[in-house]
Amino acid sequence: MDIAALSMAMSQVSVSQSASLQVMSMSKDMAEQQGQQLTEMLKSVQAPHPNLGGSLDISV
């Protein structure tokens with residue numbers, strides 16, 4: 001096996017792994033940011049009236 005070819009193949013695998021890890025890191029950061037935004041959005045929504053929806057009147 002040619003040493004130069006092996007070296008190039010290992011280098012390409014290393015670059016590919018680095019790129020994959022970077023993409024996963026960016027994806028994780030984006031998911032964390034979206035989770036924080038969702039939490040803030042839920043905090044800003046007012047709670048429904050406590051007496052509404054407590055009972056249901058049904059006539060058949």
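By how many degrees, between 0 and 90 and to the nearest 10, does the Cα long axis of helix 3-44 differ from the longest principal axis of the chain? That helix lies at roughly 10 degrees to the long axis. Given in Å, the Rg to one decimal and the Dmax to the nearest whole number for the Cα atoms of the chain are 27.1, 85.
Every number here is computed from the coordinates shown, using simple stated rules; none is lab data. What you are looking at is a predicted structure, and each value in this text was computed from that prediction instead of being measured.
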